[in-house]
Amino acid sequence: MNILFAASEVAPFIKTGGLADVAGSLPPALAELGHDVRVILPLYEEIGENWRQEMTFVKYYYVRLGWRSLYCGLFQLERNGVTYYFVDNEAYFKRHGLYGHFDDAERFAFFSRAVIETPDQIDWAPDIIHCNDWQTALVPIYLLEERYHRRTLAQTKSVFTIHNIEYQGRYGREVLMDVFGLDYSYFNENMLKMYDDVSMMKGAIYASDYVTTVSPNYANELQYSFYAHGLEGVIAANRYKMRGILNGIDMAANDPATSESIFANYTSKKHKGKAACKADLQSKLGLRQDPNVPIVACVSRLVGHKGFELVTQAFHSMMEMNIQFVVLGTGEWGYEQFFRNAQIQYPGRVSTNLMYSAPLSNAIYSGADIFLMPSIAEPCGLSQMFAMRYGTVPVVRTTGGLADSVPPYQPNEDTGLGFTFGSVNPWDMLDAVRRAVDVYQLDPKAWSRLVTRDMEADFSWDRSALEYQEVYQRIHP
Ligand code: GLC
């Protein structure tokens, strides 16, 4: 099949979150199944010179967006069996930061129109256009009309994947005609209308031929308003064409046996290198050198829905245990301030790193013992998978993809991959951390078997790529 995958960020070119990891690893997995997979993304200012060197200029054309006629340059590069297209328009994308600009609705409406325009321009007919989150949510809507007068789109079907329903692309109704170039027939309850606004994500859910989300459990949770953020009715109405497919990660690029981005290599059978990574992490971060004290780590944006209210409330009780604590990430001022103070309060035991750093995150995945992820909502979550791959045992709240990827540890059967708790409550979280620390300290052999199981667990795309293929074939037989 010909598959055009549209996303607003794609690793390794440009990344702010998990969407980029998925857009970077699912398309190569689909290409391996024998499909012609092409990925399209904006050419942001922040895409590095090293990648630009590899790109070739394809052509330029003009894209219509309402009354506007807009320049669209197309660059291309090949990698891992996939063709990547970069959409160039400096007025929209030569800026600092991917999102959060006053004209985001217009920038991504332009990008979505460019996605629709490009197949004719390169003379390639996609069977499927696979879109992701609100930034590409207009694509399935534009496709409703454009498929009738574009040669390459006549047979094209659309798939829309929800990575996080909290970000819906919601704007005042005045954007509909002026910015999106759509007429008022689209302002109806079974399309873009959301109360008096437009919701791009709602429109995509109705307009797409199929909707997926990034874990089976999140697909289930979306029937509740607690998780669906106002779209629970929309989800219910469209459930007939929806399913959850668990994300995978690139297992080869994240193999502790071969990875060059960690201090020492190790395997699921021989953990020695992991101890070296731990010693290195302790010395790097100014933690007391002690191989026997478990390091509990958080690598996350420091925001409420990642569960930091629980972490901060239980923090001092948690530090009464003989543990060290590492945090990496940026976010809300209150949490940043809390961890700044904690580092002063617990010298040699707490390390606060208020930044985004890929090298340090790898040092933490490989050097820590326990990975704490108490998210309030987590559509899939990839960090827990990276942590397990590097033999760091997760403690998670059983929500979204965390519930699907971290079966609870069962001491009697010696099964499970991590420690879990259910309710949004700091003391339940503390109890789960305590259970983990207990096994670490009191039963090192069981802990070591748990680390081995985590490292050997299969989080590859193998199964999930087949599930996407099944979805594509169902709507495009
Ligand atoms: C979003 C979700 C995260 C998911 C990622 C990739 O960032 O918040 O849970 O893993 O998308 O699908």
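The values are calculated or read from the model by the stated rules, or taken from the named source; none is laboratory data. Keep in mind that this is a model prediction, so the values were computed, not measured. Glycine also receives a Cβ, built like all others from the backbone with ideal geometry; neighbour counts cover every protein chain displayed.
Does any residue in the range 163-175 that is of a type in the set (A, V, I, L, M) come within less than 9 Å, Cβ to Cβ, of a residue that is within 9 Å of the ligand (Cβ to nearest atom) and modelled with pLDDT of 95 or more six or more places away or on a different chain, and which pairs are these?
Ile165/Thr213; Ile165/Tyr218; Ile165/Ala377; Ile165/Pro379
Which residues, counting only those in the range 178-195, are part of a helix (DSSP H, G or I) and surrounded by fewer than 17 Cβ atoms within 10 Å (Cβ to Cβ)? Explain how you work it out, then say what you get.
First, the residues of the range 178-195 that are part of a helix (DSSP H, G or I): 178, 184-186.
Once the filter is applied, which keeps residues that are part of a helix (DSSP H, G or I) and surrounded by fewer than 17 Cβ atoms within 10 Å (Cβ to Cβ), the range 178-195 yields Asp178, Tyr184, Ser185.
Could you tell me which of the residues Gly367, Gly422 is of a type in the set (Gly, Ala, Ser) and free of Cβ contacts under 8 Å to residues at least 60 places away in the same chain?
Gly422
Quickly run through the range 115-155 and pick out the residues that are away from the ligand (no atom under 16 Å from the Cβ), touching a residue at least 60 places away in the same chain (Cβ under 8 Å) and of a type in the set (Val, Ile, Thr).
Those that are away from the ligand (no atom under 16 Å from the Cβ), touching a residue at least 60 places away in the same chain (Cβ under 8 Å) and of a type in the set (Val, Ile, Thr): Val115, Thr118, Ile122, Ile128, Ile129, Val139, Ile141.
Considering only the range 130-152, how many residues are among the polar types (S, T, N, Q) and closer than 19 Å to Met242 by Cα?
Counting residues in the range 130-152 that are among the polar types (S, T, N, Q) and closer than 19 Å to Met242 by Cα gives 2.
Quick one: is Ala11 more than 19 Å from Ile116 (Cα to Cα), within 16 Å of the ligand (Cβ to nearest atom) and free of Cβ contacts under 8 Å to residues at least 40 places away in the same chain?
Yes: the conditions hold for Ala11.
Identify the single condition in (1) within 16 Å of the ligand (Cβ to nearest atom); (2) in a helix (DSSP H, G or I) that Ala377 does not satisfy, given that it satisfies every other one.
All conditions pass for Ala377, except number (2).
How many residues, within the range 208-250, are away from the ligand (no atom under 15 Å from the Cβ), assigned to a loop (DSSP other than H, G, I, E, B) and of a type outside the set (S, T, N, Q)?
Here the count works out to 4.
Determine which single condition Phe160 fails, assuming it passes every other condition in (1) crowded, with 21+ Cβ neighbours inside 10 Å; (2) away from the ligand (no atom under 16 Å from the Cβ); (3) among the aromatic types (Phe, Trp, Tyr).
It fails just one condition, (2).
When you go through (1) in a loop (DSSP other than H, G, I, E, B); (2) at pLDDT 95 or above one by one for Ala253, which number turns out not to apply?
Among (1) in a loop (DSSP other than H, G, I, E, B); (2) at pLDDT 95 or above, the lone unmet condition for Ala253 is (2).
Being farther than 20 Å from His163 by Cβ, modelled with pLDDT of 95 or more and surrounded by fewer than 23 Cβ atoms within 10 Å (Cβ to Cβ) is true for just one of Ser351, Ser317, Ser366, Ser357. Which residue is that?
One residue alone meets the criteria, Ser317.
If you check Glu106 against the conditions, is it surrounded by fewer than 22 Cβ atoms within 10 Å (Cβ to Cβ), touching a residue at least 24 places away in the same chain (Cβ under 8 Å) and not aromatic (Phe, Trp, Tyr)?
yes
Against the definition (crowded, with 22+ Cβ neighbours inside 10 Å and either in contact with a Ser or Thr (Cβ under 8 Å, 6 or more places away or on another chain) or assigned to a helix (DSSP H, G or I) (or both)), how does Met201 come out, yes or no?
yes
Can you tell me which residue in the range 170-190 is nearest to the ligand (Cβ to nearest atom), limited to those that are touching a strand residue (DSSP E or B) at 6+ places or on another chain (Cβ under 7 Å) and of a type outside the set (D, E, K, R)?
Applying the first criterion (touching a strand residue (DSSP E or B) at 6+ places or on another chain (Cβ under 7 Å)) to the range 170-190 yields 170-173, 175-176, 181, 187.
Filter again for of a type outside the set (D, E, K, R), leaving 171-172, 175-176, 181, 187.
On the way: Tyr171: 21, Gly172: 26, Val175: 24, Leu176: 27, Gly181: 28, Phe187: 28 Å.
The selected residue is Tyr171.
Per-residue answers, yes or no, for (1) buried (at least 17 other Cβ atoms within 10 Å of the Cβ); (2) out of contact with any Leu (no Cβ under 9 Å at 6 or more places or on another chain):
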site: Thr258; (1), (2): no, yes
site: Ser261; (1), (2): no, yes
site: Lys274; (1), (2): yes, yes
site: Cys277; (1), (2): yes, yes
site: Ser283; (1), (2): no, yes
site: Val296; (1), (2): yes, no
site: Gly304; (1), (2): no, yes
site: Val311; (1), (2): yes, no
site: Phe325; (1), (2): yes, no
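Criterion first (in a loop (DSSP other than H, G, I, E, B) and over 23 Å from Pro256 (Cα atoms)) does Gly334 satisfy it?
On the way: in a loop (DSSP other than H, G, I, E, B): no; over 23 Å from Pro256 (Cα atoms): yes.
Criteria not met by Gly334.
Give me the helices (runs of 4 or more DSSP H) completely within the range 14-106, filtered to those with at least 1 residues that are touching a helix residue (DSSP H, G or I) at 6+ places or on another chain (Cβ under 8 Å), ordered by residue number.
Numbers: elements: 18-32, 49-54, 90-93.
Because the criterion is at least 1 residues that are touching a helix residue (DSSP H, G or I) at 6+ places or on another chain (Cβ under 8 Å), the helices (runs of 4 or more DSSP H) in the range 14-106 that meet it are 18-32, 90-93.
Please return the ranges of helices (runs of 4 or more DSSP H) entirely within the range 388-477 where 1 or more residues are of a type in the set (Lys, Arg) and under 15 Å from Pro374 (Cα atoms).
426-442
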